[in-house]
Amino acid sequence: MSAAYWRRAMNTAPARTAAAPRPAEAATDAHARSDAPRRLSFLGLRLSVRHVFVLLGVLIYPFVASPFFTYQIGAQSLALGLIALSLTLLAGYGGMVSLAQMSVAGMAGYLVAIFGASTATAISLSWPWWLAVALAIVLAVVFATLIGWLSVRTEGIYTIMITLAIGVAFFYLAQQNYTLFNGHLGFNQVFPPSVWGIDFRTPVPFYYLTLACALAGYWFVKLLVRAPFGVALQGIRDNPRRMYALGYHVTAHRVAAYAVAGLLAAVGGVLITWYNNRVSPGSMGVGVMINILVIAVLGGVKHPIGAFLGAIVFVLLQNFAIDLVDRERFNLVIGGVFLAIVLFSPDGLLGLWALLRARLPAGTATSSNQRRQA
């Protein structure tokens, strides 16, 4: 069945085409018409002026920031945001909270080290970087698909527990296996390549590499959720029984969502491995898995841009919270910020921004009315 048929089937409200529009609807339509000239169209997506400013800002960021902020803050935030984006796709649009996304990213990082070059010369195969990266991403997507195949038959807390169990099992497997994963030592000196004379080990080129991957992932998710597959996935999230009755294969759509999310997590895993120049069991421990969930919820799990916003806040706290508290109490700071965001805005930082925007016009209109009455 097509997505258009699903939209017609789900739309059970009576038609009101002949009725006059309500004042709120008329005001909304007028606002949309007035806002139309300020929007552009790019690859089927509507871009507002703020999107253009944000894009220009991230492009010129390395020219105004120091190498530390370019590499440590910018590149790391984009790589972590791409992994959190995979969780956003699953949780926000599929209704499936997976704690194994960092395990998929860790699998991709390990495979890059195994197929490529590292200090563990007895294990690493030293294949060309492009072949190592391609195989690592493909096998990591297969791993994510298997995780989805195991977990989609459950819902709610059981899905979280199954994915957590898979992540913990993979962590101990990598820590205790020395033949393939080199045990607790992992792989060191897993460097990004040099392509066409560009050394991606330096901060600025690596930042633009992560930015290109992050933008590609963001636009891909934005287009996917508007495609028939994305619309059907959201319908399955809201009412899986009704979608099954309409002829959709609910399990196949959910497993496919895990595969697509695995692709995003795998690319982010390769980037974060190159960023750290190493991969080890600590790269995908329980704490790191929880961090990805915190990042997604902080930004707003229902918005693709929220993954990157949450990553920026997380990385800033990670680097500068130690100036206020001890390094051992960093998790306390993160937990406090997380609780504050969840309590005051279940939709994350983007929810706070939406509430602020909704209240500002009302406050302005109230003050203007008071001035007129005075």
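Some observations on this one:
- Extent along principal axes [Cα atoms of the stretch 195-310; Å; largest to smallest]: 54, 34, 23
- Three-way shape label, the stretch 93-152, alpha-carbon gyration tensor, a/c 1.5: prolate
- Cα-only radius of gyration and Dmax that characterise the stretch 55-100, units Å: 14.2, 40
- Note on the stretch 38-149: the alpha carbon radius of gyration divided by the globular reference 2.2 N^0.38 Å gives 1.38.
- With 5 Å bins beginning at zero, the pair-distance distribution over Cα atoms of the stretch 70-285 amounts to 1, 8, 15, 19, 19, 15, 11, 7, 4, 2, 0, 0 %.
- Local electrostatic count at Gly94 - Lys and Arg +1, Asp and Glu -1, tallied over other residues with Cβ under 9 Å: +2
- For the listed peptides 167-177, 279-289, a ranking on the average number of other beta carbons within 10 Å per residue, highest first, reads 279-289, 167-177.
- Our note on the geometry: Cα centres of the stretch 194-222 and the stretch 50-101, 12 Å apart.
Each reported figure results from applying straightforward, stated rules to the coordinates on display, with no laboratory input. What you see is a predicted model; the values in this text were computed from it and never measured. Glycine gets a Cβ as well: all are built from the backbone with ideal geometry, and neighbour counts include every protein chain shown.
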